[in-house]
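Heads up: the structure comes next, in structure tokens.
The values are calculated or read from the model by the stated rules, or taken from the named source; none is laboratory data. Keep in mind that what you see is a predicted model, and the values were worked out from it rather than measured. As a convention, Cβ positions derive from the backbone with ideal geometry for all residues, glycine included, and neighbour counts pool all protein chains shown. To get the accessible areas, we keep the full protein, side chains included, count just its heavy atoms, and leave off ligands, DNA and RNA. Shrake-Rupley method; radii C 1.70, N 1.55, O 1.52, S 1.80 Å.
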Amino acid sequence: MCMVIFAPLFAIFAFATCGGYSGGLRLSVDCVNKTDSNLSIDIAFAYPFRLHQVTFEVPTCEGKEREKLALIGDSSSSAEFFVTVAVFAFLYSLAATVVYIFFQNKYRENNRGPLIDFIVTVVFSFLWLVGSSAWAKGLSDVKVATDPKEVLLLMTACKQASNKCMAVHSPVMSSLNTSVVFGFLNFILWAGNIWFVFKETGWHSSGQRYLSDPMEKHSSSYNQGGYNQDSYGSGGGYSQQASLGPSSDEFGQQPSGPASFTNQI
């Protein structure tokens with residue numbers, strides 16, 4: 001039940017906080033010649049974080065000449081993979097919820113449903129682990145590439161001590177940090193659900209029967225051996241007692257030898 005409730009929600013938070021991100025930073029270059037200065041250089045970037053395609057123009061502090069620069073890095077592969085896993089996990093969670101609620105009998109009909117569910121759960125657990133780890137590394141690269149101090153080092157004007165270069169504001173990465181957290185929460189949720197899905201498959205029930213059959217056989221053979229021993233012991237004791245004690249007929253019979261001797265006298 002927890003899987004049905006939380007899996008779609010966690011998947012939504014994961015791909016929404018990553019796929020819907022857009023941010024930016026602002027820099028200022030104050031040249032010695034104030035007419036060449038630019039105190040508001042805006043650099044915007046967004047998902048899928050192909051930073052090498054993000055270009056911007058900055059002053060060179062040498063007249064009206066400007067130079068065109070670009071950010072460094074490309075984290076689109078890890079970001080797109082993460083969002084793709086989240087979207088497909090969300091769609092599968094919705095489909096599984098409908099099956100669990102409305103088609104429970106068909107789900108358990110021939111054991112095919114639980115087996116498919118088990119395999120898909122294992123696959124998505126692995127994909128969440130790989131996708132979250134890759135995106136965590138990609139986010140780290142994005143933070144470095146969009147750090148205002150690193151961007152200022154790309155500017156020719158900022159390499160001259162007479163010019164003043166500074167960051168007006170840095171990009172806000174809280175939503176991207178949240179996406180990584182929800183990515184690993186999804187992995188924990190799906191991995192924890194593997195055992196509960198496995199219990200629904202025929203593999204779990206057949207394993208229980210395999211373990212219970214030898215124990216039942218051992219228990220029945222033990223009870224049968226104890227019953228034969230008791231019956232043998234009672235029968236043996238009865239026979240032994242009968243053989244030791246004289247019968248009533250033998251006890252009542254008189255010896256014939258002394259009677260014949262009296263008659264002769």
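Values as computed for the structure displayed
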{"read-out": "Efficiency of FRET between residue 98 and residue 141 - r from beta-carbon atoms, R0 41 angstrom, step 0.05", "value": "0.55"}
{"read-out": "Within region 14-56, backbone nitrogen closer than 19 Å to the virtual label 7 Å beyond the Cα of residue 65 toward Cβ", "value": "29-38, 56"}
{"read-out": "Accessible surface of region 1-199, 1.4 Å probe, proportion on carbon and sulfur as whole %", "value": "66 percent"}
{"read-out": "GluC sites (Glu not before Pro) lying in DSSP loop within region 31-102, provided at most 11 other Cβ fall within 10 Å", "value": "65"}
{"read-out": "Residues whose placed amide H lies under 5 Å from that of residue 54, excluding near-sequence neighbours", "value": "71"}
{"read-out": "Cβ-Cβ FRET estimate between residue 42 and residue 181, R0 fixed at 35 Å, reported to 0.05", "value": "0.75"}
{"read-out": "Whole-number D in µm²/s for region 1-199 (Stokes-Einstein; Kirkwood sum over Cα pairs; 4 °C, 1.567 mPa s)", "value": "67 µm²/s"}
